[in-house]
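Step one of this worksheet: look at the structure below.
Just so it is clear, none of the values below were taken in a lab; they were calculated from the coordinates. Predicted model, so just to flag it, every value in this text is computed and none were measured. With ideal geometry, Cβ positions are generated from the backbone for all residues, glycine too; neighbour counts draw on all protein chains shown.
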């Protein structure tokens, strides 16, 4: 049994531990027919993946290698452009800022989501009356449609009528043009994104904490460890595999965040909150004259980034599973 | 002394939850604020002069959007379960060649940004003439849920005892019959988890709706809210009232199915 048992919550619902070895002989004799029927059961999924995943991704690569105009997009006879779209993207004055905004947005989001999520997980794990109910309520921000969260934050951060600036004024601090100042727009979308991501971190880290045996804490208590020492010497090291998973998933998810930024600032003002994800949407769908080639090129770049993190995540995750 | 610490923690927990949920409270508060007080400075912390003008605007203008989202959510649930459940059964119980690779692909598929899939879909849908149609949007929305569903289903189904399936086989049941009459009923919990998330994701989707269905007659509620925000005379009580209504599925889900939600969050992250 792994010391950190992250699947606890799932197992409450599904007693899912594979006991695969007990294959009946009768079943083995029917192996050939089973193979065929496995293929039949898998066929809809394989077809689905081919049409609705592989083909759109292929179209995307094609888009990025051709010089499309609106007209040739409809007619489908755009000339081959080689890597021109990629060169355009890399040499665009938007590229540098978009990349650095993406990096800032991702790193700052994850640091805060993870830090706050971990603190809350430890707090809720200590157990007290109502802790279960309150922990469930913490899920709300994560379950709300992103457009709901984003528009609520937009109004809360409104320069003249927002509650946040009203609170700042009440505390004697100057007002901030959260969404309309290039210095603050990235901070504004970060605040909203951190708020949305905390519940996810809380739930996963909490289930990780549930997997740490209480014996370890009791032993530490006998040795006279205080709460602080217990956290640094026991909780954090034993939570490391779960933490790695949480952070890697956070990376993958945060890279693709688009809705919140687009709804709150449209990547502006003056590109000050443009990330790679909003830039690709801006080029492809955000203007009167769509520029699909470069948009697809940025999109493919994003896929590469996400998949790189994915490849780091999968071995970490399977090591965790097999412990 | 220990009881005192007990209640101190509960109070701290309530305060933290209140801070976390303040934006939700604020959304409700603004939805009940009359337009004339909307620009009041500082804003009232409580709905002193309650109005339902925002909600009556929802009733008058947003009902078609809500209906569309409902159909969209249900359609996505059906498509997702129909595609994912049989495949997951095969992966978990029939152990075909390449099962490991397929599981791996499911994990990778979840990492592909929807905005990129949307662009590919746009090019394809434009050619096929299914832009701005509900079936087109249902298919697109299901791509968010299908990989997750396959992983959840196969994790659950691999826990079904082989003896149960073999007993059915000895009784002469085909694999299809076993799947339909034993595996699916036994997997009820995972069907609930998958359906809840598929519905919620389709209901909340903005990316696919705004790219593939922006000019359609039947648009989902996310676009209804977005159109409100884009209006020049922003009626924030109507926007927030729509947001409150759009949050109802999430609230219902949390109340009736909280254990499934936690299961889904954890399982989506760490199961394979």
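Counting partner chain Cβ atoms within 10 Å of every residue's Cβ in A:227-240, what's the average? Before the final figure, lay out the partial values.
Values: counts 0, 0, 0, 0, 0, 0, 0, 0, 0, 0, 0, 0, 0, 0.
Average neighbour count from other chains, rounded to a whole number: 0.
The Rg/Rh ratio for the protein assembly as shown is 0.98, where Rg is the radius of gyration of the alpha carbons and Rh is the Kirkwood radius.
Please arrange B:177, A:59 by counting, for each residue, the other beta carbons lying within 10 Å of its beta carbon, fewest first. Before the final figure, lay out the partial values.
Numbers: B:177 13, A:59 20.
The most exposed by this proxy come first: B:177, A:59.
What is the distance in Å between the Cα centres of the stretch A:229-243 and the stretch B:65-100? So the separation of the two Cα centres works out to 37 Å.
Footprinting exposure proxy ranking of B:207, B:28, fewest other C-beta atoms within 10 angstrom first, gives B:28, B:207. Helix B:134-157 and the long axis of chain B differ in direction by around 60°, with both axes built from C-alpha atoms. Most tightly packed first, judged by the mean number of other beta-carbon atoms within 10 Å of their residues, the peptides A:214-225, A:78-89, A:110-121 read A:110-121, A:78-89, A:214-225.
Kirkwood hydrodynamic radius, computed over distinct alpha-carbon pairs, for the stretch B:135-185: how many Å, to one decimal? Numbers along the way, then the final one.
Details: mean 1/r = 0.0788 Å⁻¹.
Taking the inverse mean of 1/r over all distinct Cα pairs, the stretch B:135-185 comes out at 12.7 Å.
GNM on chain A, alpha-carbon springs under 10 angstrom: the most fluctuating residue among A:168, A:251, A:179 is A:168. Each 10 Å bin, from zero up to the one with the longest distance, holds this percent of the alpha carbon pairs of the stretch B:34-78: 22, 30, 24, 18, 6.
Given a Förster distance of 22 Å, report the FRET efficiency between residue A:84 and residue A:288 from their Cβ-Cβ distance, rounded to the nearest 0.05. Please report the intermediate quantities before stating the final value.
On the way: r = 22 Å, r/R0 = 1.01.
Step by step, r from the Cβ atoms, then E = 0.50.
Comparing the stretch A:80-161 with the 2.2 N^0.38 Å rule of thumb, its C-alpha radius of gyration ratio is 1.72 (two decimals).
What does the C-alpha gyration tensor say about the overall shape of chain B? Classify as rounded when a/c is under 1.5, otherwise prolate if a/b is larger than b/c, or oblate. Each step should come with its number before you reach the end.
Values: a/c = 2.60, a/b = 1.46, b/c = 1.79.
Judged from the Cα gyration tensor, chain B comes out oblate (a/c at least 1.5, b/c at or above a/b).
Compared with the dominant Cα axis of chain B, that is its longest principal axis, helix B:236-246 is turned about 20°. Roughly how crowded by other chains is peptide B:94-101, in terms of the mean Cβ count from those chains within 10 Å of each of its Cβ atoms? Mean number of neighbouring Cβ atoms from other chains: 4.
Using a 10 Å cut-off around each Cβ of peptide B:210-223, what is the average number of partner chain Cβ atoms that fall inside?
Values: counts 8, 3, 1, 0, 1, 0, 0, 0, 0, 0, 1, 3, 6, 1.
If you average over the peptide's residues, the count of other-chain Cβ atoms is 2.
For chain B, a Gaussian network of Cα nodes joined below 10 Å ranks B:248, B:14, B:225 by mean-square fluctuation, and the top entry is B:14. Against chain B, whose longest principal axis comes from its Cα atoms, helix B:63-89 is set at around 20 degrees. For the peptides A:125-133, A:46-54, B:192-200, B:103-111, residues were scored by their other Cβ atoms within 10 Å and the scores averaged per peptide; the highest-first order is B:192-200, B:103-111, A:46-54, A:125-133.
The base-10 log of I(q)/I(0) for the stretch A:93-322, evaluated at q = 0.13, 0.16 Å⁻¹, reads -0.88, -1.16 [Debye formula, identical scatterers on Cα atoms, solvent excluded].
When only C-alpha pairs under 8 Å and at least 6 residues apart count, what is the relative contact order of the stretch B:53-270, in percent? Walk me through the numbers on the way to the answer.
Numbers: 237 pairs, mean separation 80.0, N = 218.
Across the stretch B:53-270, relative contact order equals 37 percent.
Comparing A:262, A:228, A:155 in a Gaussian network model of chain A, where Cα atoms under 10 Å apart are tied by springs, the biggest mean-square fluctuation is seen for A:228. Label-to-label distance for residue A:308 and residue B:40 is 5.3 nm, based on points extended 7 Å past Cα in the beta-carbon direction. For the stretch B:115-252, the pair-distance distribution built from all alpha carbon pairs, in bins 10 Å wide starting at 0, is 10, 29, 26, 20, 11, 4, 1 percent.
Based on DSSP H segments of at least four residues, each scored -39500 (n - 2.57), the protein assembly as shown has a per-residue ellipticity at 222 nm of -21500 deg cm²/dmol.
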